Every structure is written in structure tokens, then in C-alpha cells.
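Here is the structure we will look at.
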Amino acid sequence: MRPLTKQFFHDNLLGLSLTLIGVLCLALSVMLNVGHHDFSRLALAEGGLDGPDIEILERQNRAYERIADTVTPSIVNIRTTQVIKVQQSPFFSDPFFKQFFGDMFPQVPRRQYENALGSGVIVNPDGYIVTNNHVIQRASDIEVMLRDKRTFKGKVVGRDPQTDLAVVKIEAGDLPTVPLGDSSNLRVGDTVMAFGNPFGLNFTVTRGSVSALGRSAPDLEKLENFIQTDAAINPGNSGGALVNVRGQVIGIPTWIVSGNAGPGGQGGFIGLGFAIPSDTVKHVMQDLIKTGKVSRGYLGVKIGSLDAKLARQFNVPDTSGALVEELTAGGPADKAGLKEGDVVRKLNGQTVESSDQLMAMVANSNPGTTVTLEVLREGRPMEVRVALGERPANLPVAAGLGKAPLEGTLRGLSVQNLAPAMREQLGLPSNVKGVVISEVDPSSPAAHAGLQPGDVIESINRHPVTSVADFTRLAAQAKGETLLRVNRGGESQFLVLSPGGGDNDGGDEEQ
């Protein structure tokens, strides 16, 4: 074959050029055809699903987005600072000590600071915010940050440890608010959304459902009727909002059951969160804003829940309701004609599932309110109308347990009702009536007077004590020297307690 030369290319330049152009056009056509198929497939992948069912879900998403957009501006971030005084040995500041040891032992600051994070809900455009008591109870400084990043100094208006609620005020006006709904209308399975600042991740929204109602926590010192939810709640959500599909607050998240999943070992979400119902929040919030304290309704009964055996004994068809175990003599329920053994099934038409629920329903009512109780008495239905009294400030939440006021002569005493088993254990005759001391603060006037666990207080200032309710009421009135009649091991004696914890003037001859 003859080799290609420059003369060949020169003589055939036009033909070669046309051939090259043809090849390039063919290649470009192939590429465009392949690209067309690829782009078609890409467009199909990006198109996603459609149809009536998908449109329903899209409408739901838009509804949730609307709720989030409406509620979030009313949620605040609460940052608190607590000053902790640190005890240090006086040797560290002694010149003689320093002469020998120099700076080997560095000085520990006398004050240290702890910061905590929580959430709150703006319930009034003038700057009133509802949160949890445990978020602010030890705070020396409260900083509130709004959704628009503005920050304000918060002032505690009032707090209520028994419900773990508090109200904080900031000096601001025309603030966005969110309405409080009716938690009594909640049903298990309802969709809810939780708003707050978990682990400091500001203004987070999660969604879930109502898992259960009327739950209790393992804290006998609180009024409990919690909403259980699986909407994700974590540390920092406390004091935030649990909201229904109408954008109404129906609960304030307060505690969780958790695993150790947090950044610093704090508990993390495992699907068990609990919120204070909005019906409780309304009552507590209004009282705290008006007076700084909470007034609660009072029946004057000791109540318990039913099990299957008790239900059979009292001729009740199931275990719903609250069993009246004891009446306070002269109390509202006693005056209205309620009897021991009655089972309260409804209050003002609302079903009572347990003793905890009845206690919360009564406490959420105002003193002086007349309520209608639907009860079963030996299986027979009847109605009892009761004009509620005012719950004593130091009345115990747990049935049969009580504490004296934090101030007063009987401070530092915890007592319980004298149950038959306790009477037998202490060897007391049947005619001894009173409350049993379960705990004595070593620094209290009672400890100085020689009182000890197991002693039975029979009277206070000559007034008989037959129940914890009697003790709580009389202890609140004991401000100066207080005369007690105390039974120890079946023998009674009088003791005089001085409010300052001074010498005791005991002996039967005292009075």
C-alpha cells in the first residue's frame, strides 16, 4: 500500500473535511439521543408521587406547618443562673498555713455559678409567661429570649411546687400569645405537637400522640393528673407547650422517663413524656397572677383507688372511681352527707377514673364552688352536692401523710394517720387516737423537746388530733409556745414546744 503523503492531504482536503464533519455530526446525534433518555429518567425521578391520597398528606403537612408558624413565636427560651456558695476550709486563708504550703492548695472560689435551660409559654401580651417551677425555683437570675432573639430579665410572679408550675414576668408589651385549650376534651390517640428548647436547640417542634391520660409520677408531694405523650420531649423542653391540632396549649411538659442519651449524660427521649393538663395550668396561672399564691378546693376526705377485690366488696361494676375511706369531721363532704365506702364515679358529669384524678379535679376548683358528685353507695347510684372548702396550705397530697408548715413551732415534723397495722406495731390500745410522727428534723423545736418517730400526737393546744388533716390545720396555727399531748408506748404526757427550740417544760403537771 502506498504511504500517505502531504501531497495526498493537499489534493483531498475538501473531501477529508466533509468526512470529518459527517463523523462529528453522527457522534453528536448519538450523544443527544442518549442524553435525552437520561434526562427523561432524571425528570421522572424528581417528579415524585401524586394522587388524591398524596394530596391529603400534603394538606396535613400544610396544617402542621401552620400550627408551628402560629405557636412558635409564643414560645420562649429560659436561661437561669444559680449562685452556689462553696464552703472552704479556713486553713487555706491562714497566713501560717500559706507560709508552709504556699500555693500547693489553690483557693476555691467562694461562689460558683450553675446555668440551666428551660422553656416557657407567653400567655398574656403584657409579658406573663408560664413555665415549670423546677426551671426557676433556685434561680438568682432569669434571662428570657424570644423567638426574634430579643432578651429580657425575668421576674418570678409566683410559683406552685405542688403542680410544678410558675409564672414569670418580663417588661415587654404587645407580645404574641397562644390560647389555652380544654384538656378535659383530650382523648388517647389525639395528635399533639411539643414546642420547646431541648438540649439548648432553640425553638424545636416535635409531633406525636396522646398515649394515656391521668398518669401519676413517683412524687407523693405533687398534685398529679398528667398527660402522657410520645411526642419527643427532652431536657430543656420543660415549661414549653404541648399543643393540639387547633393550635391550643393543652399541656405544659414537665418530666420524662428516659435513657442516658444526652450530650452530658442527661436523660434522652424514649417515648415517655408527661405534661401538666391545661385545666390545671389555667387555675394555677390565674391565682398566681392575681395573688401570688394558689387557692384550691377541698372536700375533706381521704380517698383511695379501687382494685378488683374492692370493687366487688363495694358492689361497683369496674375499678373506675375513687373510694371514700375516711371523712374529716365537719368537713365539706361530711356536711354534704357523703359516707365512708361511697365510690365517687363522676364530678360535674366528668368521669373519675382514679383517686388521683378526683384529687386534681377538686384542687382545680375554686373554694366555695358547689360540685355535683355522682356516687355509688352499696351499689346504688345517687348524687351528692358539696360546697367545697379551701384546701389547707400544708395539706398533704399523699393520702394519710402530712408535714407541718415550714415556719411555726411545729416545723420539721412529718406525720401519718394511725392505721390499724401501725397501732398494732406500736402496741397502742384502741382508745388512743392521733397521728404518728414519721420524721423529725434534728434542728426543729420538736427535736429539742425530745419528740421522736413513733410518738403519737393526740392534741395540739388542747384541740384533739384525729387525722393528718387535723394536724395540718392546727400546726398552721401554732406560732408561739405550743402545748402537745403525746402518747409514747401507750402512755400519754404533755409537752410544751417553744418556737425557738428552747427548753421543754414537759410533765403532766404543766397545765
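The values are calculated or read from the model by the stated rules, or taken from the named source; none is laboratory data. This structure is a prediction, so every number in the text was calculated from the model and none was measured. Virtual Cβ from ideal backbone geometry, glycine too; neighbours counted across all protein chains shown. Note: accessible area is taken over every heavy atom of the protein model, side chains too, but ligands, DNA and RNA are not part of it. Shrake-Rupley method; radii C 1.70, N 1.55, O 1.52, S 1.80 Å.
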Worksheet item: For Ala68, what charge total do you get from the other residues with a beta carbon under 12 Å from its beta carbon, if Lys and Arg give +1 and Asp and Glu give -1?
Response: +2
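Can you give the local net charge around Glu171? Use residues other than it whose beta-carbon is closer than 12 angstrom to its beta-carbon, Lys and Arg +1, Asp and Glu -1.
Local net charge: +3.
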Worksheet item: So how exposed is His134, as accessible area in Å² (1.4 Å probe, rounded to 10)?
Response: 80 Å²
Fill in: Amide H contacts under 5 Å for Gly412, placed H, 5+ residues apart
Ala404
Worksheet item: Of Lys403/Lys433; Lys335/Lys403; Lys290/Lys479, which ones are farther than 20 Å apart at the Cα?
Response: Lys335/Lys403; Lys290/Lys479
Fill in: Relative contact order (percent, whole number), the stretch 139-244, Cα cutoff 8 Å, 6+ residue spacing
22 percent
Practice prompt. Read phi for every residue in the stretch 48-64 and hand back ³J(HN,Hα) as whole Hz from Karplus 6.51 cos²θ - 1.76 cosθ + 1.60, θ = phi - 60°, with x for Gly and Pro.
Written response: x, 8, 8, x, x, 5, 5, 5, 4, 5, 5, 5, 4, 4, 5, 5, 5
Worksheet item: Got a sec to turn the phi values of the stretch 433-446 into Karplus ³J(HN,Hα) couplings, 6.51 cos²θ - 1.76 cosθ + 1.60 with θ = phi - 60°, whole Hz, x for Gly and Pro?
Response: 10, x, 10, 8, 6, 9, 7, 10, 5, x, 9, 7, x, 5
Response to the item:
Of all GluC sites (Glu not before Pro) in the stretch 109-176, the ones in DSSP coil with at most 13 other Cβ atoms within 10 Å are Glu171
Response to the item:
Protection proxy (average C-beta count within 10 Å per residue), highest first, orders 49-61, 280-292 as 280-292, 49-61
Discussion item. If amide hydrogens are placed 1.01 Å from N in the peptide plane, which non-local residues have theirs closer than 5 Å to the one on Asp190?
Written reply: Val210
Worksheet item: For the stretch 115-125, what does the Karplus curve 6.51 cos²θ - 1.76 cosθ + 1.60, with θ = phi - 60°, yield as ³J(HN,Hα) per residue in whole Hz, taken in order and with x for Gly and Pro?
Response: 10, 9, 10, x, 10, x, 10, 6, 10, 8, x
Item to complete: Taking H placed 1.01 Å from N in the peptide plane, check which residues at least 5 places from Glu326 or on another chain put their amide H under 5 Å from its amide H.
Response: Lys302
